[in-house]
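Structure first, commentary second.
The values are calculated or read from the model by the stated rules, or taken from the named source; none is laboratory data. All figures in this text were calculated on a predicted structure; none of them were measured in a lab. All Cβ positions, glycine included, derive from the backbone under ideal geometry; neighbour counts span all protein chains shown.
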Amino acid sequence: MAPRVVKVKITVKEEKENKKKEQVRNIQPEVLEQKANKAEDFLKQFIRQLNVVDIDYSIKKENDTVFIDITGSDSEFLIGYRGEALNALQTIISSVVNNKEEERVRIILNIQNYREKRKKDLEILADKLAKTVSRTGKTIKLEPMTAYERKIIHSRMQDYKNIKTNSVGEEPYRRVVISKIKNKMEII
């Protein structure tokens with residue numbers, strides 16, 4: 001049997017990510033303040049267009065990040081199915097704030113403490129799935145998730161010594177795969 005020749009194309013994605021991280025660091029306080037003001041101006045106009053009564057927001061600045069917390073009984077619909085509307089709004093605000101500028105800040109949007117609730121739900125799901133995979137030995141492929149949600153699952157699974165996880169697929173369809181680590185004794 002003749003050896004097969006395989007061509008492999010390798011693309012380095014880390015450089016792009018590292019450049020983004022570098023752009024986010026070392027933000028001057030006045031630049032951070034300016035970007036937070038841009039975010040607030042956008043939010044005021046956005047909420048005015050919604051024509052709702054009970055929505056409020058607060059903005060907090062730390063290092064290279066602007067944290068926006070939206071509260072009020074009329075804000076629930078801004079979360080969307082599994083946080084899709086929330087993530088989209090966060091992306092829009094980030095684009096508005098960082099548009100055509102070299103110095104970029106991170107925008108973290110939270111509505112009605114959704115991110116904390118979702119994290120807790122994902123950790124509970126991870127625990128259940130770890131026990132199921134441990135017991136049955138079957139691999140489980142989760143639904144597509146954002147990078148933030150996948151990170152929560154991966155982190156939680158580190159508590160289980162006989163479970164391994166990896167992410168497969170391309171964004172926005174990237175998902176976590178959970179499988180059992182086979183013992184050498186089980187293979188024999």
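Report, by residue number, each residue of region 86-120 that is in a helix (DSSP H, G or I) and among the polar types (S, T, N, Q). Lay out the reasoning, then the answer.
Kept after step one, since they are in a helix (DSSP H, G or I), are these residues of region 86-120: 86-98, 114-120.
Asn87, Gln90, Thr91, Ser94, Ser95, Asn98, listed by residue number.
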Which count do you get for residues in region 149-169 that are closer than 30 Å to Lys60 by Cβ and either surrounded by 18 or more Cβ atoms within 10 Å (Cβ to Cβ) or in contact with a His (Cβ under 6 Å, 6 or more places away or on another chain) (or both)? 5
Please specify each residue of region 122-148 satisfying the condition of being exposed (fewer than 14 other Cβ atoms within 10 Å of the Cβ), of a type outside the set (Ser, Thr, Tyr) and not in a loop (DSSP other than H, G, I, E, B). Ile124, Lys128, Lys131, Arg135, Lys141, Ala147
Within region 1-44, the residues that are modelled with pLDDT of 80 or more and either surrounded by fewer than 10 Cβ atoms within 10 Å (Cβ to Cβ) or on the phi > 0 side of the Ramachandran plot (or both) are Gln28, Pro29, Glu30
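Would you point out the residue of region 65-108, among those that are of a type in the set (Asp, Glu) and closer than 20 Å to Asp41 by Cβ, that is farthest from the chain's Cα centre (by Cα)? Walk me through it before giving the result.
Of region 65-108, the ones of a type in the set (Asp, Glu) are 69, 74, 76, 84, 101-103.
From what's left, closer than 20 Å to Asp41 by Cβ: 69, 101, 103.
Numbers: Asp69: 16, Glu101: 23, Glu103: 21 Å.
Among those that are of a type in the set (Asp, Glu) and closer than 20 Å to Asp41 by Cβ, it is Glu101.
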Could you tell me whether any residue of region 45-66 is buried (at least 16 other Cβ atoms within 10 Å of the Cβ), among the aliphatic types (A, V, I, L, M) and closer than 17 Å to Ser95 by Cβ? yes
